[in-house]
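Below is one structure, written out as structure tokens, with a few remarks after it.
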Amino acid sequence: MIKFSYIKNDILFFVLSHPGGKQEFDNNIESIKSALKFYKPEECSETVINDIKAFVTHTPIKPAITAQKKELRYMERATGDFPINIHDEKLNSLVKSIQKIIKDVNEQKSATFTQIKKQ
């Protein structure tokens, strides 16, 4: 029934989602005012509230958008069959290690694919 509330210009606003709720709220507004004068929550201790108002909104609450991490899966197109013509030893070994990783991944994928195919 109560969507949210906020304070603006020393007025506490309640935003409601149903007209029946607003009617009930209007009937109880004086008791809410007296309760706030008697006991003020710590969060509102520095804020002066002179009046309380309520209104109905018909706009739907937008759901919080959470970024879902979606794991992308795709077939590897690289086969690792490429010549390595690098004279620098360090760079040559690095490229060879990458080539080996690509070939190993392809072997694992093809082994998994053949097992699935047999089933």
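The values are calculated or read from the model by the stated rules, or taken from the named source; none is laboratory data. Being a predicted model, the structure only gives us computed values, none of them experimental. Cβ coordinates were reconstructed from backbone atoms using ideal geometry, including for glycine residues, and neighbour counts include every protein chain displayed.
Test each condition in (1) modelled with pLDDT of 80 or more; (2) within 32 Å of the chain's Cα centre (by Cα); (3) not aromatic (F, W, Y) for P63 and report the one that comes out false.
All conditions pass for P63, except number (1).
For L94, state whether it is assigned by TED's automatic domain parsing to the domain that holds E107 and not polar (S, T, N, Q).
Judged against the criteria, L94 is a match.
What strands (runs of 3 or more DSSP E) completely inside the range 1-106 contain at least 1 residues that are of a type outside the set (K, R), out of contact with any helix residue (DSSP H, G or I) (no Cβ under 9 Å at 6 or more places or on another chain) and surrounded by 10 or more Cβ atoms within 10 Å (Cβ to Cβ)?
Per the criteria, 2-8, 11-16.
Within the group E71, E43, which residue is over 30 Å from Q108 (Cα atoms) and among the acidic types (D, E)?
Of E71, E43, the one residue that is over 30 Å from Q108 (Cα atoms) and among the acidic types (D, E) is E43.
Quick one: would you say S110 is modelled with pLDDT under 90 and of a type in the set (S, T, Y)?
yes
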